[in-house]
Every structure is written in C-alpha cells, then in structure tokens.
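Participant: Structure below; questions to follow.
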Amino acid sequence: MKPRMEGVYAREKLGEAVRALAVGEEDSRHRLGWAARKIMFLWPDDFPGQFRAEGVKIMSDRSARGSMLGSDGTMIYDAIQNTVLHMRKKTASRIAQRILTLYFEVDHYLQTCE
C-alpha cells in the first residue's frame, strides 16, 4: 500500500505557478500575479504537513494589501492585483523564488512517497 499522497494537488498547482513565472510576459510582478492565480484555490490542508506553513505564508503574502474598492464599494482591484501592483519587483522576485522552492520541495516529498 502506498503512503498517503497528500500534496498531489498542491504540486500540480505550484507547477502551474512555476510555469507562469518562467514563461510569462511582463515583469516579475505581473508574472507573480498570474502565478498567484494558479495557487489561489489551494487550502492549507492541500500541502503536506511540513510545507503547510510556507504555503500559507506565500498565499498570504501574495494578497496582503486586500482588495481596492471604489467610493461606491465596487471592486477596482482584487487582493492579488492590488498587492502585486504595489509590490517592488525585488519583493515579487523573492516570492517567486519561494514558490519555486516550495514546488521542488513538495515534488521531492511526493517522489519519495511513490
């Protein structure tokens, strides 16, 4: 019997995020915005236990500023857009590196479980 395969969905979504970071157009902030959308539906329980805290931190960092609302209450930018637009390129690059590292760590974990 195979060990529990927690993390398969997280690896899939992180892989999509890594592809967006690697081949996306524009600068690091825009690529991070696309990558963040690839992982936006991940839940903490989607990550294997030892990677959960980093996964949650990345998801929090990519939307830390919250949504930008107009005076009438309509959304101008969602939380990811608003955060990424106000982020320095260096900060975006650091978060991108963390996504890449997390992807490789989860992938390695899953390969050792197979």
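The values are calculated or read from the model by the stated rules, or taken from the named source; none is laboratory data. Predicted, not measured: the structure shown is a model, and the values here were computed from it. So basically every Cβ, Gly included, is an ideal-geometry build from the backbone, and we count neighbours across all protein chains shown.
Participant: Between a residue in segment 24-48 that is over 14 Å from residue 82 (Cβ atoms) and any residue that is of a type in the set (Ser, Thr, Tyr) and in a loop (DSSP other than H, G, I, E, B), which pairs come within a Cβ distance under 7 Å, given they are 6 or more apart or on different chains?
Facilitator: Correct list of pairs: empty, since none qualify.
Participant: Being surrounded by fewer than 17 Cβ atoms within 10 Å (Cβ to Cβ) and in a helix (DSSP H, G or I), is that true of even one residue in segment 68-79?
Facilitator: no
Participant: Exactly one condition in (1) surrounded by fewer than 17 Cβ atoms within 10 Å (Cβ to Cβ); (2) touching a Lys or Arg at 6+ places or on another chain (Cβ under 9 Å) is false for residue 106; which is it?
Facilitator: (1)
Participant: Additional query: Just give me the residues in segment 40-62 being in a loop (DSSP other than H, G, I, E, B) and either modelled with pLDDT under 90 or surrounded by fewer than 17 Cβ atoms within 10 Å (Cβ to Cβ) (or both), in sequence order.
Facilitator: 40, 41, 43, 62
Participant: Go through segment 61-114 and report how many residues are out of contact with any helix residue (DSSP H, G or I) (no Cβ under 7 Å at 6 or more places or on another chain) and charged (D, E, K, R).
Facilitator: 6
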